[in-house]
Amino acid sequence: MNQTFARFVLIGLSTDPYVQPLIFIIFLLIYTVTILGNVLIIIVVRIGIHLQTPMYFFLSNLSFIDLFFSTSVVPKLLINTLSEDKSISFLGCVAQMYFTLALGGTECLILAIMGYDRYVAICNPLHYNTIMSLRICVIISTGIWVFNFSNSMFYAVITFQLPYCKSNDVNHYFCEMPPLFHLSCKDTLMEKIAVYISGSIVGLCAFVLTLLSYAQIIFTILKIRSTTGQKKAFSTCTSHICVISLYYGSIVFMYLRPRGSYSVEKDRAVAIFYTVITPMFNPIIYSIRNNEVKGTMKKLLKKELQTSVIKIRI
Ligand SMILES: *[C@@H]1O[C@H](CO)[C@@H](O)[C@H](O)[C@H]1NC(C)=O
């Protein structure tokens, strides 16, 4: 009865053989854009003279997270889409679940801190430099990383100590907790409760901090008399609010749905949002309206172009 499989099979996005090449091409494109966009943001923030501030530190950290998040899901998806063998080893499955949960949680808290950073900058500008120094930001982000990577250990242990004997077909395109719980032959109510409670505490804290920060920001902006001042303050925040809505929208839909509406197809569609789409859009959304980032990018690309021209001449 206590059998546990050595490998799991990831059913993937579709079982239709004619759709596979299409899935492969679309996700390869998305993945390429994700990698390029996020690497570019990290480089730009590192070299930009005006970008040595907490906001950009967190932005580049977000890109760092997105880079690894999509890398823990998409390459395996691409390989499995093309190959006959759709399996993933037990350890691979553990690692995939561990990293997606740890990075997802880290992203959630980094977004919350970014909101708080904007709140201090807009509502409390005189104290900004004492409250948010780069040193404090490094300490906070290290704390967030350490916390989430230890917290996920707990989820991984809970999930993989379960006996799996029903089937090893994971009805998903990567190893995620809900479809794995589905495969266990033991009743998973206690595990679900433990996961929900600890997940809700972290998620709720992040969500409340984010919500309070942006509520305060919007109140403050509405009180500004000049419309140019309002526009300027809004322009940095609209992009943040876009990213946050995209992110929380899909998580809430995935985890806080009434049980009756549970459907595997819907789950997969929503998961595409936070595993594939958000990591691609984050750098685009953040840089498209940001002149500092755009300026540094242009300079960087020009310089790259020049050096490659010089190399070609030589
Ligand atoms: C993000 O933060 C972590 C923890 O402080 C750090 O180790 C990592 O280098 C940072 N990454 C970037 C790109 O800023």
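Some points to look at:
- Gln230 paired with Ile26, simple spin-label distance in nm, labels 7 Å along Cα-to-beta-carbon: 4.0 nm
- Simple rule: put +1 on each Lys or Arg Cβ and -1 on each Asp or Glu Cβ in segment 7-313, find the dipole, and look at Tyr128, Thr100, Met153; the Cα lying farthest toward the positive end is Tyr128.
- In angstrom, the C-alpha Rg and Dmax of segment 73-228 are 20.6, 66.
- Protein accessible area in the chain, 1.4 Å probe - carbon and sulfur %: 71 percent
- Solution diffusion estimate, µm²/s, Stokes-Einstein, segment 1-106, Kirkwood Rh from C-alpha pairs, 10 °C, viscosity 1.306 mPa s: 100 µm²/s
- Across q = 0.14 Å⁻¹, the chain modelled as identical point scatterers on its alpha-carbon atoms has Debye log10 I(q)/I(0) values of -1.13, in the order of the q list.
- With contacts taken as Cα pairs under 8 Å at a separation of at least 6 residues, segment 7-313 carries a relative contact order of 28 percent.
- Taking a ≥ b ≥ c as the square roots of the eigenvalues of the Cα gyration tensor, segment 203-294 is oblate, since a/c reaches 1.5 or more and a/b is not larger than b/c.
- A 1.4 Å probe run over the chain, with the rest of the protein chains in place, finds 53 Å² accessible per residue.
- Straight Cα distances below 24 angstrom link Lys223 to the lysines Lys231, Lys232, with same-chain residues fewer than 8 positions distant left out.
- Helices in the chain, meaning DSSP H runs of at least 4 residues, each add -39500 (n - 2.57). Divided by all residues, the mean residue ellipticity at 222 nm is -26000 deg cm²/dmol.
- Most mobile of Thr106, Thr53, Thr130 in a GNM of the chain (Cα contacts under 10 Å): Thr130
- Peptides 287-296, 77-86 ranked from most to least packed, by the mean per-residue count of other Cβ atoms within 10 Å: 287-296, 77-86.
- Fully extending the segment from Cys242 to Ala269 would add 7.8 nm, taking 0.36 nm per residue of separation and subtracting the current Cα-Cα distance.
- With one equal scatterer per alpha carbon and no solvent term, the Debye-computed log10 I(q)/I(0) for segment 76-168 at 0.15, 0.18, 0.19, 0.25 1/Å reads -0.74, -0.88, -0.93, -1.20.
- Accessible surface of Phe24 - all protein chains present, 1.4 Å probe, nearest 10 Å²: 50 Å²
- Among Cys175, Cys108, Cys242, the largest mean-square fluctuation in a Gaussian network model of the chain, built with springs joining Cα atoms closer than 10 Å, belongs to Cys242.
- Full extension of the chain segment joining Tyr128 with Ile197 gains 21.4 nm, where the gain is 0.36 nm per residue of separation less the Cα-Cα distance.
- Net length gained if the chain between Met153 and Arg7 were fully extended (0.36 nm per residue, minus Cα distance): 50.5 nm
- All other residues whose Cβ lies under 9 angstrom from that of Gln96 are scored, Lys and Arg at +1 and Asp and Glu at -1, for a net of 0.
- Anisotropy class of segment 108-153 from Cα gyration tensor, a/c 1.5 cut: oblate
The values are calculated or read from the model by the stated rules, or taken from the named source; none is laboratory data. Keep in mind that what you see is a predicted model, and the values were worked out from it rather than measured. Glycine gets a Cβ as well: all are built from the backbone with ideal geometry, and neighbour counts include every protein chain shown. Heads up: the accessible areas ignore ligands, DNA and RNA and are worked out on the full protein's heavy atoms, side chains in. Shrake-Rupley method; radii C 1.70, N 1.55, O 1.52, S 1.80 Å.
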